[in-house]
Amino acid sequence: MSKENIWLIEQVKALAKDQTQYEDRAFLLALQTVIKEQQKRSEQIQSELDGRLWDHTNW
């Protein structure tokens, strides 16, 4: 996971811990899940692009 995403998740966790409203905490916890999923998809896309660029059958 990138340094930026790790930092972002830590910030969201800190915000969630300070929230008293259930809806706000739920939103921030869901946001953490979205950040992690976006990081995973970004890594998958980068790997797919790398694989397609090195596919010798398309040269």
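Just a yes or no: is a residue in segment 39-58 loosely packed, with under 10 Cβ neighbours inside 10 Å, at pLDDT 90 or above and outside any helix (DSSP H, G or I)? Within segment 39-58, not a single residue is loosely packed, with under 10 Cβ neighbours inside 10 Å, at pLDDT 90 or above and outside any helix (DSSP H, G or I).
When we screen Leu8, Leu28, Leu15 for residues that are open to solvent by less than 80 Å² (accessible area, probe 1.4 Å), touching a Leu at 6+ places or on another chain (Cβ under 6 Å) and either part of a helix (DSSP H, G or I) or on the phi > 0 side of the Ramachandran plot (or both), the only hit is Leu28.
Count of segment 12-58 residues, restricted to those that are farther than 20 Å from Met1 by Cα and among the charged types (D, E, K, R), is 7.
The values are calculated or read from the model by the stated rules, or taken from the named source; none is laboratory data. Keep in mind the model is a prediction, meaning the values are calculated, not measured. Cβ: placed from backbone, ideal geometry, glycine included. Neighbour counts: every protein chain shown. Accessible surface areas use protein heavy atoms only, side chains included; no ligands, DNA or RNA. Shrake-Rupley method; radii C 1.70, N 1.55, O 1.52, S 1.80 Å.
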